[in-house]
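Remarks on the structure that follows.
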Amino acid sequence: MRILSQNKKDAFTILLGTLFFMLCITDAKAQTQAFLKNDTLSLSNSMIKRQFLWNNGELLSLDLVDVRSGKKLLVQSNLPVFRTTKNFSVKESSFKTEKVAEDNLNYAHLTAEVLLDYGSFKLKRIFRIYENVPAISCENYLWVDQDSELGKAAAFLQTPIQLENINSVIKYPHLKAVEFFDRTDHNNNLVKEEEALAFRSDLGLKGNLLQVSSPQAEEPGFFILKEAPCSFVQLSYLGYDFKSTRNAISVAGAGISTQSLIKGEWVKLYGTVVGVYDSPELGFMHALHTYQRSVRKTVAERDDMIMMNTWGDRNKDASISESFLKAELGACEKLGISHFQVDDGWQQGLSQNSAQASGNKWDSWSKEDWKPHAERLPNGFNPIVEYARKKNIELGLWFHPSNHNSYENWKTDAEIILNLYNTYNIRYFKIDGIMLPDKLADHRLRMLFDKVATESEGDVVINLDATAGNRTGYHYMNSYGNIFLENRYTDWGNFYPHWTLRNLWQLSAYVPSRNFQIEFLNKWRNKAVYGENDPLAPNAIPFEYQFAITMMAQPLAWFEGTGLPDEAMKIGSVIKKYRSIQADIHSGDIIPIGEEPGGFGWTGFQSVKDDRNGYLLVFREKNKEASCLMETYLPVGKNVVLTPVLGTGDKIKATPNSRREIQFELPNEFSYCLYQYVIED
């Protein structure tokens, strides 16, 4: 680690020539670099390079280069990259770099920190550079001195903060903004795309993601990812995330206001990622997914799972007992389930969702509330843990942090989770009831997760519930585990397999599908709720097909296993076979192919592992055609061999046509096939 400080820009410029090598950290083997030279800050790896004019630490964007093609995508901007309309004099600025070693949570990478000291408050920007990742992220932090008045810091935030300011070199930039929605108890349209051309006046666009491309197909493009919750629940939201005037683009909104300043701590603001790609379709998704996979190190034994959770049958916690949980573990073993999660009701303090009328907990909990329920589990967890261990099944629990007074008891909650982990080796926690009404809640919840992650050395996995409330979305606090996407129930008729498939299909273009727990339900329950003539009702669709919908994600068996009929257990061999290849499937870029799922078409996914290998998962919905010419991301004119692994398809030898299409055949409505493919030389 090396640090340089300055008080005056002229003095800094003089020192640069002699201190350049002291400021540069370079991994010669990997070509990952961050250095200052001749008043220029340069960040790069083998795929991307960003350069800035130092400008006393208030960086001005110089260029963005796609290293593979050598093409520049930006021109110099006269506006600071991080900007408010209030001008404050920087008293001191500094720059340092650090190599971060690989561990259970992080891949090895290089950080470059720019620190600006304004006197009573400080701004810190940390750029993260991963080798072979065509994107560079930037985290933003604000510090307000403990003993200072809030006046200057508040004035700094009085006008909208711009997290990025860049000028595109693309002559006719085509903009595509992607807005995301969680609160899946109420939303069934989770992705909204808006395409636009910028003109003379400011164009405001909503979304966490902006793709900027050229109409010339062979030209590279770039994207900007705003690492924040979904737009409609962001703090201090301005009504838009991106603004563009022809070639100028800015990212707006830091998620903090003058009313939410926190003293004496580094407070993380919303951040940005800038990435480059070499083709508008597959290249864009590959670049985006490659970055997103770098955020959290993938450990297949820890992160890949087939989890059963009993809440999906709507019995709530009425059945929970030692004998019931052991019986559920027996059902898990028959089905090939790898993880069993005990939802709300295992704990002494019963929640307001309990089947018992005495349950009233929600916003505030005590340590005593998080002990095993004395009447339901009189022998505690040890017998359950030992029974699960013998069956080679991992246990998980439901947990609701106390959100009273903006998570003021966050340390206690972190210690409760860590105590359960250290005592019982339970490392999977479904985090429910999250509310982020202000920056203090946001800040403390992150500290809770950081403490658990650090002290468990990354062993604890957080399942973040995305079903209700003002929560973290798909691009924020996403380095701790995975996302519990939906609570859907046959009891209310709001579960349809094609709806769940559609949600995963749409999200998979922009978020790695392995980040999601995707549900399949007990299809034999509540047949009468759907009536006799509903062609897409769960009971009309094979159980194995419904499991197949979850294969590109983390399958979630959203039911009580002991409530399944005997015929349901037949898919145990399918689940066990899938489990043996799950990590291999998830190792690729998983992207949507075919038609958008609607219940009556042909659709699917492709897992692109490398230039020659991958998987294709093809679904024939309720469609009378026994075959379909489906567009894929296989190379034109290359011979491809597709070997069935699961499902009902036959082996295929084909050569994709000029539209990358292949003819698929499946024998029945609601049938599927998972193929492993090899592209021949």
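We did not get these values from a lab; they are worked out from the coordinates using the rules stated. Nothing here was measured: the structure is a model prediction, and the numbers come from that model. Glycine gets a Cβ as well: all are built from the backbone with ideal geometry, and neighbour counts include every protein chain shown.
For the chain, give the share of DSSP beta bridges that are antiparallel, in percent and rounded to the nearest 5; count only bridges with both residues there. Walk me through the intermediate numbers first.
Working: 134 of 164 bridges.
Expressed as a percentage, antiparallel bridges in the chain total about 80.
Order of 641, 461 from fewest to most other C-beta atoms within 10 Å? Provide the component values of the computation, followed by the final result.
Numbers: 641 14, 461 22.
Going from least to most buried by this count: 641, 461.
May I ask you to derive the relative contact order of the range 283-354, considering only C-alpha pairs under 8 Å and at least 6 residues apart, and to give it as an integer percent? Can you show the working numbers first?
Working: 47 pairs, mean separation 25.8, N = 72.
So the answer I get is 36 percent.
Once a ≥ b ≥ c are taken as the square roots of the eigenvalues of the Cα gyration tensor of the range 126-176, is the result rounded (a/c under 1.5), prolate (a/b larger than b/c) or oblate (a/b not larger than b/c)? Could the numbers behind the result be given before it?
On the way: a/c = 5.04, a/b = 1.71, b/c = 2.94.
Oblate.
With bins 10 Å wide starting at 0, give me the P(r) of the chain over every alpha carbon pair, in whole percents.
Computed distribution, short to long bins: 3, 15, 24, 25, 19, 11, 3, 0, 0.
Hey, which aspartates and glutamates would be in cross-link range of residue 391, C-alpha to C-alpha under 18 Å, not counting anything within fewer than 8 residues on its own chain?
By straight Cα distance, residue 391 reaches 301, 304, 322, 328, 333, 560.
Residues of the range 659-681 with backbone nitrogen within less than 13 Å of a virtual label 7 Å along the Cα-to-Cβ line of residue 584, please, listed as ranges.
675-678
If the chain between residue 569 and residue 641 were fully stretched, how many nm would it gain, using 0.36 nm times the residue separation less the Cα-Cα distance? Write down the numbers at each step before the final one.
Values: separation 72, 0.36 × 72 = 25.92 nm, distance 3.19 nm.
Here the segment from residue 569 to residue 641 would lengthen by 22.7 nm.
Which value in nm describes the separation of the simple spin-label points at residue 655 and residue 680, placed 7 Å from the Cα toward the beta carbon?
1.0 nm
Given R₀ = 25 Å, what would the calculated FRET efficiency be for residue 385 paired with residue 562, taking r from the Cβ atoms and rounding to 0.05? Display every interim value, and only then the final one.
Values: r = 19 Å, r/R0 = 0.77.
Between residue 385 and residue 562 the formula returns 0.80.
Could you point to the residue in 619, 649, 676 farthest towards the positive end of the range 593-679's charge dipole, with +1 and -1 charges on the Cβ of Lys/Arg and Asp/Glu respectively?
676
Report the residues of the range 299-322 in range of a label on residue 375: point 7 Å along Cα→C-beta, backbone N strictly under 20 Å from it.
Once the point is set 7 Å along Cα→Cβ of residue 375, 315-322 turn out to lie under 20 Å by backbone N, inside the range 299-322.
Is the C-alpha gyration tensor of the range 334-491 telling us rounded, prolate or oblate? Criteria: a/c under 1.5 is rounded; beyond that, a/b larger than b/c is prolate, otherwise oblate. All intermediate terms of the calculation are to be shown ahead of the outcome.
Working: a/c = 1.39, a/b = 1.27, b/c = 1.10.
In terms of gyration-tensor shape, rounded.
Mind checking the dipole of the range 458-523: about its Cα centre, +1 per Lys or Arg Cβ, -1 per Asp or Glu Cβ, Debye to the nearest 20?
On the way: 5 positive and 5 negative charges, 40 e Å.
So the dipole magnitude of the range 458-523 works out to roughly 200 debye.
Name the residue from 181, 60, 603 whose Cα lies farthest towards the positive end of the charge dipole of the chain, charges +1 on Cβ of Lys and Arg and -1 on Cβ of Asp and Glu.
60
I'd like the FRET efficiency for residue 363 and residue 202, computed as 1/(1 + (r/R0)^6) with the beta carbon distance as r and R0 of 41 Å, rounded to 0.05. Each step should come with its number before you reach the end.
Details: r = 41 Å, r/R0 = 0.99.
FRET efficiency, residue 363 to residue 202: 0.50.
Multiplying the sequence separation of residue 627 and residue 71 by 0.36 nm and subtracting their Cα-Cα distance, what value in nm do you get? Could you put the intermediate results ahead of the total?
On the way: separation 556, 0.36 × 556 = 200.16 nm, distance 4.28 nm.
The residue 627-residue 71 span can extend by a further 195.9 nm.
Any chance you could list P(r) for the range 409-462, counting all Cα-Cα pairs in 5 angstrom bins from zero, rounded to whole %?
Histogram of Cα-Cα distances, whole percents per bin: 5, 20, 32, 24, 12, 5, 1.
Projected onto the charge dipole of the range 2-294 (+1 at Lys/Arg Cβ, -1 at Asp/Glu Cβ, origin at the Cα centre), which of 166, 111, 238 gives the Cα projection farthest towards the positive end?
166
Where nothing but the Cβ of Lys and Arg (+1) and of Asp and Glu (-1) is charged, how large is the charge dipole of the range 2-294 around its Cα centre, in debye to the nearest 20? Provide the component values of the computation, followed by the final result.
Working: 32 positive and 32 negative charges, 129 e Å.
For the range 2-294, the charge dipole is close to 620 debye.
From the cross-link list 297/430; 37/171; 171/609; 430/570; 86/122, which pairs have alpha carbons spaced over 23 Å apart?
Going by Cα-Cα distance, 37/171; 171/609; 430/570 fall outside the 23 Å limit.
If one puts a single equal scatterer on every Cα of the range 178-307 and applies the Debye formula without solvent, what log₁₀ I(q)/I(0) results at q = 0.09, 0.10, 0.14 Å⁻¹?
Normalising to I(0) and taking log10 leaves -0.34, -0.42, -0.80.
Quick check of the Kirkwood formula: for the range 237-338, what is the inverse mean of 1/r over all pairs of different Cα atoms, in Å? Walk me through the numbers on the way to the answer.
Working: mean 1/r = 0.0507 Å⁻¹.
Result for the range 237-338 stands at 19.7 Å.
So what is the relative contact order for the chain, in percent, with contacts set as C-alpha pairs under 8 Å and at least six apart? Can you show the working numbers first?
Numbers: 1625 pairs, mean separation 64.0, N = 681.
Dividing the mean separation by the residue count of the chain yields 9 percent.
For the pair residue 39 and residue 454, how long in nm is the line joining their label points, each one 7 Å along Cα→Cβ?
3.9 nm
Tell me, in nm to one decimal, what length is gained between residue 79 and residue 279 on full extension, where the rule is 0.36 nm per residue of separation less the Cα-Cα distance? Write out the running numbers ahead of the final one.
Working: separation 200, 0.36 × 200 = 72.00 nm, distance 2.91 nm.
Roughly 69.1 nm would be gained on extension.
What does the charge dipole of the range 163-222 about its Cα centre add up to, to the nearest 20 debye, if the Cβ of each Lys and Arg holds +1 and the Cβ of each Asp and Glu holds -1? Intermediate values should be presented prior to the final figure.
Values: 6 positive and 10 negative charges, 33 e Å.
So the dipole magnitude of the range 163-222 works out to roughly 160 debye.
Determine the equivalent ellipsoid of the range 2-294 by diagonalising the alpha-carbon gyration tensor, then write out the semi-axes as square roots of 5 times the eigenvalues, largest first, rounded to whole Å.
Numbers: eigenvalues 160, 124, 70 Å².
So the equivalent ellipsoid measures 28, 25, 19 Å along its semi-axes.
Roughly how far apart, in whole Å, are the Cα centres of the range 263-330 and the range 628-660?
Cα centroid of the range 263-330 versus Cα centroid of the range 628-660: 30 Å apart.
To the nearest 500 deg cm²/dmol, what mean residue ellipticity at 222 nm is calculated for the chain from DSSP H runs of n ≥ 4 alone, each contributing -39,500 (n - 2.57), summed and divided by the residues? Intermediate values should be presented prior to the final figure.
Working: 12 runs with 130 residues, N = 681.
Rounded to the nearest 500, the figure is -6000 deg cm²/dmol.
Taking every pair of alpha-carbon atoms in the range 61-129, what share in percent sits in each 10 Å bin, from 0 to the bin with the longest distance?
15, 33, 34, 16, 1
Just to verify a number: FRET efficiency for residue 668 and residue 534, C-beta to C-beta distance, R0 = 25 Å, to 0.05? Kindly include the intermediate steps, with their values, before the conclusion.
On the way: r = 19 Å, r/R0 = 0.75.
Given R0 = 25 Å and the Cβ-Cβ separation, E is 0.85.
What shape does the range 593-679 have by the C-alpha gyration tensor, where a ≥ b ≥ c are the square roots of the eigenvalues, rounded means a/c under 1.5, and otherwise prolate means a/b greater than b/c and oblate the rest?
Details: a/c = 1.77, a/b = 1.53, b/c = 1.16.
Prolate.
Using the 10 angstrom Cβ neighbour count as an exposure proxy, how do 261, 674 rank, fewest first?
Working: 261 18, 674 25.
So the residues, fewest neighbours to most, are 261, 674.
For the pair residue 55 and residue 609, how long in nm is the line joining their label points, each one 7 Å along Cα→Cβ?
4.7 nm
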